[in-house]
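Reviewing the structure listed below.
The values are calculated or read from the model by the stated rules, or taken from the named source; none is laboratory data. Source: prediction; values computed, not measured. Backbone-built Cβ (ideal geometry, glycine too); neighbour counts: all protein chains shown. The protein model used for the area step is the full one, side chains on, heavy atoms only, and it has no ligands, DNA or RNA in it. Shrake-Rupley method; radii C 1.70, N 1.55, O 1.52, S 1.80 Å.
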Amino acid sequence: METERTPKIVGVVWGLLVLNTLGSAGAKTIIPLPRSLIQMVTMGALVAAFALALAVNARLRIRPGAYMFLLTLLLVASVISSAHLESGFGALFRCFRLTLFVSTLWLLSRWWDGSLTFVRHHIRMYFAVLGSVALGLAISPGAALPDVYGGRLVGALWPLTPPQIGQYAAVIIGLTVLLLLGRRIDRTSAVVVIVPSLVLLALTHTRTATLGLLLGLVLAIGSLLLTSAAARRFFTWAVVCATVAAVGFAGALQAWFLRGQSKDNFSSLTGRAKVWDALLSAPRSTGEKWLGVGLGDKSFGGLPIDNSWLAVYNEQGLIGVTLVAAFLIVLGGVALLRPPSLQRACAIFLISYCAIASYTEAGLGDASPYLLHLALAVSLLAAPAEAGPLATPVVPRQRIPRWAQKSEVR
């Protein structure tokens, strides 16, 4: 049976979701952009995405699944915790945003059929975002590599931080490598995507994205070793190249990894550990322990939390942590139970990357690129929706006159 063809407008909706999750806080841009204007653009993109998804799926046909069900429960927990207004009225606005985000994913779930359609949408949109970063670097290298970020690459046209750029680059590099191994993309197109993205990733000096890319690819390619000769060749050459690089460029790699930080600063994860200790030691009521204080800006005491688990614990409590752990475990379990395939490998890469990045990046409890990466993994793990057999129309039996029957016999 043939699966339902995905309308082109679905790609537009996916791109608008990516635009919404770019955020509104970051480095100073070449042309100063008011934060209110950026928020209006990102929120307008989400509203437009929901409206277009509703228009293209007017009959509200959806594909139920564990991830979307648990994500909806997380939304309910977020609304309950935010209703107390401990985080201010901004918590209710963030709940409204999360509601539109989850609702749009529900509407798009109709076309989650295990194909690579959404992977291509994902790569194209994030490559366009990286294109804006590269353009900003070409126009104003000083603004793109500011001293306030230690010379790390930032978005000079749109306010993007080094971890954001590193995340986008790492994700599309990993997906493109897997598509190349699966022969779903030609080498020229793969080089056009991978090489510039690697350069941008190196300029961001983002350790989390780099480790997530490497470990995610190891797990994803490892799932293909028994069925793909190309994966075995790539894995062998990667091990050889990594060994040579580790021996010949150990000093340069160590300097890049440390980013000029002291051992104390590095051991405290650039000050993150101090914020984590303060958050965990802060007194909390029973309600705050189980439901949190409501959706906020993922900070504590004016400092970023930079840990998905602690951010969820702070804003959605132990219930939120349980739900986030549940959908990661479910997705990982489903991926392991699927037979080896390119789609399964891409899903394993995305799930493992999000799990690794959750230690030093926040985002699993709110509308973010991480939830979008996991939704892409769900679309890859979904079984193709087969079209039902066409019903044979019932033709009413016509009465034939006797004289006509006699003439047919003669």
Residue-normalised accessible area of the range 312-389, expressed per residue, 1.4 Å probe, Å²: 31 Å²
Crossing angle, helix 308-337 versus the chain [Cα axis fit, 0-90 degrees, rounded to tens]: 50 degrees
Solvent accessible area, Å² - Ile9, 1.4 Å probe, full protein context: 60 Å²
C-alpha long axis of helix 229-248 to longest principal axis of the chain, angle in °: 0 degrees
Protein accessible area in the range 262-383, 1.4 Å probe - carbon and sulfur %: 67 percent
Rounded accessible area of His84 (nearest 10 Å², 1.4 Å probe): 130 Å²
FRET efficiency estimate (nearest 0.05) - Cβ-Cβ, Val239 to Arg184, R0 25 angstrom: 0.55
Value of relative contact order over the chain, rounded to a whole percent, pairs C-alpha under 8 Å and six or more apart: 23 percent
Of every Cα-Cα pair in the range 84-179, the percent that sits beyond 23 Å: 50 percent
MRE, 222 nm, helices only [DSSP H, n ≥ 4, -39500 (n - 2.57), over the chain, to nearest 500]: -21500 deg cm²/dmol
Pairs of Cα atoms farther than 40 Å apart, the chain, %: 21 percent
Largest-first ordering by accessible area, 1.4 Å probe, given options Asp297, Asp306: Asp297, Asp306
